[in-house]
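Everything on this sheet refers to the single structure shown next.
Only the coordinates and a few stated rules stand behind these numbers; no lab work does. Keep in mind that what you see is a predicted model, and the values were worked out from it rather than measured. Note that we place each Cβ from the backbone using ideal geometry, even for glycine, and neighbour counts take in every protein chain shown.
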């Protein structure tokens with residue numbers, strides 16, 4: 001039997017953990033892909049194509065422990081979604097500002 005995913009309560013999520021998780025370019029890209037989707041995505045679809053499975057697992061774990069995503073097993077897949085509403089309520093404007101700043105930096109670079 002597989003262990004269930006542990007998701008921190010939104011009251012336990014810290015700004016430091018959110019910003020740490022988003023500071024990594026690969027994790028930020030995962031969040032951007034998940035946020036752009038209308039529903040949850042499996043790990044392989046949300047992660048960069050060339051990322052090894054072990055690295056995917058590590059990055060999704062960091063995002064989950066930071067409180068940014070919710071993961072759910074559906075058969076053999078793990079479906080992830082961003083906790084946008086909860087994060088926005090806890091830290092107004094942070095997630096959208098980081099994503100917007102990243103998009104602007106990409107356009108310039």
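If a spin label sat at a point 7 angstrom from the Cα of residue 84 along the line to its beta carbon, the backbone N atoms of the stretch 1-34 nearer than 12 Å would be those of 32-34. In the stretch 37-109, inverting the average of 1/r over every pair of distinct C-alpha atoms gives 13.6 Å as the Kirkwood radius. Ordering of 98-104, 15-21 by packing is 15-21, 98-104, highest average first (other Cβ atoms within 10 Å, averaged per residue).
For the stretch 75-100, list residues with backbone N below 12 Å from a point placed 7 Å from the Cα of residue 28 toward its Cβ? The answer is 97-100, whose backbone nitrogens lie closer than 12 Å to the label point. Ordering 43, 84 by the number of other Cβ atoms within 10 Å of each residue's own Cβ, fewest first, gives 84, 43.
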